[in-house]
1. Is it true that some residue in region 22-29 is of a type in the set (Ser, Thr, Tyr), open to solvent by 60 Å² or more (accessible area, probe 1.4 Å) and in the same structural domain as residue 101 (by TED's automatic domain parsing)?
2. Looking at region 3-12, is at least one residue hydrophobic (A, V, I, L, M, F, W, C), more than 13 Å from residue 81 (Cβ to Cβ), at pLDDT 95 or above and open to solvent by less than 10 Å² (accessible area, probe 1.4 Å)?
3. Go through the residues of region 327-342 one by one and say whether even a single one is charged (D, E, K, R), open to solvent by less than 60 Å² (accessible area, probe 1.4 Å) and near ligand 2 (Cβ under 10 Å from one of its atoms).
4. For residues that are in contact with an Asp or Glu (Cβ under 8 Å, 6 or more places away or on another chain) and open to solvent by less than 20 Å² (accessible area, probe 1.4 Å), tally how many sit in region 436-453.
5. Take region 364-392 and flag every residue that is surrounded by fewer than 17 Cβ atoms within 10 Å (Cβ to Cβ) and among the charged types (D, E, K, R).
6. Please enumerate the residues belonging to region 106-124 that are in a loop (DSSP other than H, G, I, E, B) and within 16 Å of ligand 2 (Cβ to nearest atom).
7. Across region 372-413, what is the total count of residues that are under 19 Å from the mean Cα position of the chain (by Cα) and acidic (Asp, Glu)?
8. Is it fair to say residue 102 is away from ligand 2 (no atom under 16 Å from the Cβ), hydrophobic (A, V, I, L, M, F, W, C), in a helix (DSSP H, G or I) and open to solvent by less than 20 Å² (accessible area, probe 1.4 Å)?
Amino acid sequence: MMRVAIIGAGYVGLTTGVALAHLDHTVVCVDKDPDKIEALRNGRCPIYEPGLQQLMLEDAARLSFTSDTASSVANADLIMIAVGTPAKQDGEANTCYVEAAAREVALGLRAEGSYVVVIKSTVPIGTNRRVALVIERTLKERNVHANVVLASNPEFLREGMALKDTFYPERIVVGAEDASAVEAVRRLYRPILEQTFNPPSFLPRPEGYSLPPLITTDPTSAEMIKYASNAFLAVKISFANEIAGLCDKVGADVTEVTRGMGLDSRIGPQFLAAGLGWGGSCLPKDTAALIAVASQYNYSLPIVAAAREVNARQRLLIVEKLQSVLRVLRGRMIGVLGLAFKPNTDDVRESPAIELVKLLVDRGAHVCVHDPAAIAKAQEALCGVEVEYAKDPYEVAENADAVVLATEWEAYRSLRLPELARRMRSRYLVDARNMYRRDEVEAAGLIYMGVGR
Ligand code: NAD
Ligand code: UGA
């Protein structure tokens, strides 16, 4: 088994670290955020991600946490960089955290040691080479020689099902110039590639799951696979949203339309759910980054650009739906259910729900919000925005002129809709995620408004 150091203990780094420890590797997770490390050392998972806290405690014997990169990498066989790559003003991905991490790693490498450095962060084309250069220069400054090979190993996990995607991926991609780097990554993931590990008690191997392929390629193609995949997902959702808009006009039901489309195996049923649009820490930033890379080559990506345009208008569409029935929004009471960018996470980065709340407040509405997990993070994101936070979902309906379902948490599926209706002043339920059935909503005495239905 291998000794692994993971730099950056966020959604990706921590999930990967915990999963690798479960595969019997010895893992040290490094983060420069002292509060995060303190929480992790106390056995508390700093993010809401199903199963992560439990597995972290179960595999604690092979997991440690520190803020000290240098000491953690010295004795590692494989070092993984999983720090953030947020967008710069112009959309380009900011690789300064990756480069800083690379330098800190190089400061800790032992003379004559052999290391594999794996880049897991989503990074623009060419970052692999850039990281190699940073490491080489830093070693030179130290007057130290070490054998370092690099690999790109992009991550495809989804928040809210991060462990499931890690243990049961559909593919693992590794891009490297050096065959020994590919072999190291293969060794690292062998228990997953061959499915020889004991599944966590709460995460049995899905029925019919087949062994994932290891795609080996050059670093540039690996980096491109990651961006192209996220851009395609964004395009797919935006396409469903574009069709939903037309469904609204002609009187078709987009959920029926996409069901009919998705049965064609060339199209597939996933990522065709129309609604408030896509958000999160990845699709928005990665589509922007891809466009920024293209522009450096004097090349345009009109399809990706259009997907972003359609996505931006989805939030406005919900505001317009409210305006069409309530007319003036100023002084209206609007309840919003769900703030996370999607269910099963407390992440509100680029959350469509948060953007909707801001638009409503801008138009003078009084907004009352609820979320089962994301309130703390939402309070930070909505700092300075006057919003009321409800303790339970029924509270958002109190005297409301309309309630908007903005994030399709499972808990909202089983709401007592008649109780919601009873508390409201006027009874518009805007189902911005097409989660409810029209007949059940109407039977509760509410007026149903979906997206493209
Ligand atoms: P995150 O913001 O949750 O975590 C990044 C962590 O890195 C933070 O805790 C930060 O304190 C730490 N960090 C930054 N610089 C550091 C340094 N020099 N040394 C040690 N720690 C440092 O980010 P994330 O969501 O885990 O994303 C990480 C990368 O993975 C990004 O490039 C992202 O695009 C990509 N990615 C994310 C997801 C996802 O679902 N979140 C999925 C696939 C890929
Ligand atoms: C996405 C990708 O799905 C992952 O494969 C990738 O690893 C990750 O980005 C990343 O690179 O970070 P994630 O951001 O966690 O994962 O969330 P998704 O499940 O992709 O959802 C993104 C957004 O699209 C959410 O706001 C969700 O509500 C929305 N969505 C999703 C729709 O509006 N309709 C759909 O049919 C599916």
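The values are calculated or read from the model by the stated rules, or taken from the named source; none is laboratory data. Note that this is a predicted model, so its numbers are computed, not measured. Note: ideal-geometry Cβ built from the backbone for every residue, glycine included; neighbour counts use all protein chains shown. These area figures cover heavy atoms from the full protein model, side chains too; ligands, DNA and RNA do not enter into them. Shrake-Rupley method; radii C 1.70, N 1.55, O 1.52, S 1.80 Å.
1. Yes, the conditions are met somewhere in region 22-29.
2. No, region 3-12 has no match at all.
3. Yes, some residue in region 327-342 is charged (D, E, K, R), open to solvent by less than 60 Å² (accessible area, probe 1.4 Å) and near ligand 2 (Cβ under 10 Å from one of its atoms).
4. Step one: of region 436-453, the residues in contact with an Asp or Glu (Cβ under 8 Å, 6 or more places away or on another chain) are 441, 448-453.
Then drop every residue that is not open to solvent by less than 20 Å² (accessible area, probe 1.4 Å), which leaves 441, 448, 450-452.
Residues in region 436-453 being in contact with an Asp or Glu (Cβ under 8 Å, 6 or more places away or on another chain) and open to solvent by less than 20 Å² (accessible area, probe 1.4 Å): 5 in total.
5. Scanning region 364-392 gives 380, 386, 388, 391, 392.
6. Across region 106-124, the qualifying residues are 120, 121, 122, 123, 124.
7. Summing the residues that are under 19 Å from the mean Cα position of the chain (by Cα) and acidic (Asp, Glu) in region 372-413 gives 3.
8. Yes, satisfied.
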